[in-house]
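Heads up, the thing below is written out as structure tokens.
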Amino acid sequence: GAAHTRAAEELLRKAEIPPVVAALVDAGIRPVLLKGTPLAYTVYESPALRSRADTDLMVSSRDVEAARKVMRSLSYVESVQCHDLLSQFEVQKRDPFGVVHAFDVHWSISTQPVFADLLTYDAVLERAEVVPALGEFALAPCRVDALLLSCVHPVMHHRNDERLLWILDIHLLAATLSPAEQDEFESLVRRKKVVAVCRRGLEQAQTVFWTPVA
């Protein structure tokens, strides 16, 4: 029942994302997929296992208005939850099957000063990797950057809320890092001064999933 529904919705979501990304690229915008959607197609056994309400994209602050125009041209409507103060806007539409597709477009990782420059769009784009399952233009943060984002996300936006799904994200990412990537991650979090935050996320993953972290 519920599992079949999620699987069907995921098939529709998978069909919707590539043309949206391609339309943005055609307009000269290079979006980077963030958080749940790219993780669903890279570290989860099945994309339907990574539940999520929307697809997060990051674009350059220079391309925000252009991105709005592209989404409108694809029949997406800005929702009432949109807040420019949060450096993001949300659009959604309902497909012929009744499934609502939502995209949350960001141009900054966070509006909180302590996290605002944690990972800039240019820095993420420079190291981004293609997610083949979502089309040739679908980019996502490299696993080191993705793990950093997964560790700090609950602190940045959710008052350090402990959600099993987010801990699983950390586990799956951390468990797939090579020794070189582990060293790179450690260097990055020290440089960005978020060691304590990332240590907490990794310790939670170790406690719940026995994540193999040095």
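The values are calculated or read from the model by the stated rules, or taken from the named source; none is laboratory data. The model shown is predicted, which means the values in this text are computed figures rather than measured ones. Every residue, glycine as well, gets a Cβ built from its backbone with ideal geometry; the counts of neighbours run over all protein chains shown. Surface areas here come from the heavy atoms of the whole protein model, side chains and all, with no ligands, DNA or RNA. Shrake-Rupley method; radii C 1.70, N 1.55, O 1.52, S 1.80 Å.
Side notes on the structure shown:
- Residues that are surrounded by fewer than 16 Cβ atoms within 10 Å (Cβ to Cβ) and within 26 Å of R50 (Cα to Cα), drawn from region 187-199: R199
- Selection within region 144-165: residues that are out of contact with any Lys or Arg (no Cβ under 9 Å at 6 or more places or on another chain) and open to solvent by 30 Å² or more (accessible area, probe 1.4 Å). The member of this set that is modelled with the lowest pLDDT is H158.
- Test: residue in region 80-93 that is surrounded by 12 or more Cβ atoms within 10 Å (Cβ to Cβ), among the acidic types (D, E) and closer than 30 Å to A3 by Cβ: yes
- Whichever residue in region 140-189 is part of a helix (DSSP H, G or I), aliphatic (A, V, I, L, M) and touching a strand residue (DSSP E or B) at 6+ places or on another chain (Cβ under 9 Å) and, among such residues, is farthest from P18 (Cα to Cα): L149
- Selection within region 42-62 - in contact with a helix residue (DSSP H, G or I) (Cβ under 6 Å, 6 or more places away or on another chain) and either open to solvent by 40 Å² or more (accessible area, probe 1.4 Å) or without any contact (Cβ under 8 Å) to a residue 60 or more places away in the chain (or both): A48, R52, T55
- Residues that are open to solvent by 10 Å² or more (accessible area, probe 1.4 Å), assigned to a helix (DSSP H, G or I) and in contact with a helix residue (DSSP H, G or I) (Cβ under 7 Å, 6 or more places away or on another chain) within region 16-38 comprise P18, A23, listed in sequence order.
- Meets criteria (over 14 Å from P38 (Cα atoms) and open to solvent by less than 30 Å² (accessible area, probe 1.4 Å)) for L177: yes
- Among (1) modelled with pLDDT of 95 or more; (2) open to solvent by 40 Å² or more (accessible area, probe 1.4 Å); (3) within 19 Å of V195 (Cα to Cα), the one test that V77 misses: (3)
- Cβ-Cβ under 9 Å pairs, at least 6 apart or on other chains, region 177-199 side of a type in the set (F, W, Y), far side open to solvent by 60 Å² or more (accessible area, probe 1.4 Å): F185/R143
- Of note, P96 does not satisfy the criterion of being assigned to a loop (DSSP other than H, G, I, E, B), surrounded by fewer than 16 Cβ atoms within 10 Å (Cβ to Cβ) and modelled with pLDDT under 90.
- Region 124-143, residues that are open to solvent by 30 Å² or more (accessible area, probe 1.4 Å), aliphatic (A, V, I, L, M) and touching a residue at least 60 places away in the same chain (Cβ under 8 Å): L125, A133
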